[in-house]
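Since the structure comes first, as structure tokens, the remarks are kept for the end.
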Amino acid sequence: MTGISAKLFIALVLTAVPAAGTIALLMLLGPDWSRFAAATCTETRCFCEMPRTGATLLQPSNSLSSFGFVFVGFLMMLLAWSRGWMSALSPLAASALGVAAIITGIGSVLLHATLTLWGQFFDVLGMYLVSGFFLIYALAKWQGIDDRRAMLYYVLICVVLVAILYAVPEVRRWLFAVILLAAIILELGFARPLRPNVRTGYYLAGLVANIVAFTIWNLDQRGQLCSPESLLQGHGVWHLLGAVALWFAFLYYRSERRVT
């Protein structure tokens, strides 16, 4: 087994651990999710997939596809802490992104399995952790902030975002979009020129994947691309493409070489 094949296998095994733990927790808490406050999306439409009333996973396709983020997160960390790591992206920063990806995946499972308000909280939490990383990592490069201070700023912005999420959950999608757009502008306009020999194509590929994913998300949400009982769900495709986009972002950061 080659080095990368071994890491892929290990990442898959590691993904199975939180997957089993998450499903075990859901089995313990469920399947009567009606005793919890419902997610705000239930007032309009919680995506196309028909909830399986009485099931541990109300939306199985949307739930299980979320583990793509978990797999990508573990793979990031395995690569970052392996021998021969030559990237300017430090193992610490790569691990922060990896953990954010894992939390994103598990949070998404909790939302789609339960369609509860607390599940929604953890779902959006992961999105904020990822977008917050993109913003702070671009800012750190632009302003020459070292890893220790950058991590402090990252924790602070995450605390602020979580507080807003708790106090005003209705703004969750708009706030995520604003942070993500600001991160993209900051990265492409100010940080990228300071990254020697970085492979911008990875970043652009990630943007394309995100655009396609959002298009599918929108069609699914509006019911224009919808088969409620199918195991193939547009929102599930959104999850998998989102994980691919996150992987491209990691490859972009990893392609920056240390200045010696």
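The values are calculated or read from the model by the stated rules, or taken from the named source; none is laboratory data. Since we're looking at a predicted model, the values are computed, not measured. Note that we place each Cβ from the backbone using ideal geometry, even for glycine, and neighbour counts take in every protein chain shown. Surface accessibility is based on the protein's heavy atoms, side chains included, excluding ligands, DNA and RNA. Shrake-Rupley method; radii C 1.70, N 1.55, O 1.52, S 1.80 Å.
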Report summary line: The one condition LEU207 fails out of (1) touching a Gly at 6+ places or on another chain (Cβ under 6 Å); (2) free of Cβ contacts under 8 Å to residues at least 60 places away in the same chain is (1)
Query raised in the report: Taking interchain pairs and intrachain pairs at least six residues apart, which have beta carbon atoms under 7 angstrom, with the first residue in region 85-106 and closer than 26 Å to ASN197 by Cα and the second open to solvent by less than 10 Å² (accessible area, probe 1.4 Å) and among the hydroxyl-bearing types (Ser, Thr, Tyr)?
Result: LEU89/TYR253
Report summary line: Apart from one, (1) open to solvent by 40 Å² or more (accessible area, probe 1.4 Å); (2) touching a residue at least 12 places away in the same chain (Cβ under 8 Å); (3) touching a Leu at 6+ places or on another chain (Cβ under 7 Å); (4) over 29 Å from LEU79 (Cα atoms) all hold for LYS141; the odd one out is (4)
Query raised in the report: Can you spot a residue in region 63-77 that is over 22 Å from the mean Cα position of the chain (by Cα) and part of a loop (DSSP other than H, G, I, E, B)?
Result: no
Query raised in the report: When you look at GLY132, is it open to solvent by less than 30 Å² (accessible area, probe 1.4 Å), under 9 Å from the mean Cα position of the chain (by Cα) and at negative phi, yes or no?
Result: no
Requested in this report: Within region 146-177, track down each residue that is assigned to a helix (DSSP H, G or I), among the β-branched types (Val, Ile, Thr) and modelled with pLDDT under 95.
Outcome: VAL162, ILE164, VAL171
**Report entry** Residue that is least open to solvent (accessible area, probe 1.4 Å) [pool: residues in region 58-88 that are more than 17 Å from LEU240 (Cβ to Cβ) and aliphatic (A, V, I, L, M)]
**Finding:** ALA80
Query raised in the report: Name the pairs whose Cβ atoms lie under 9 Å apart, with the first residue in region 52-64 and over 17 Å from ARG35 (Cβ atoms) and of a type in the set (Gly, Ala, Ser), the second modelled with pLDDT under 95 and buried (at least 24 other Cβ atoms within 10 Å of the Cβ), and 6 or more positions between them or separate chains?
Result: none
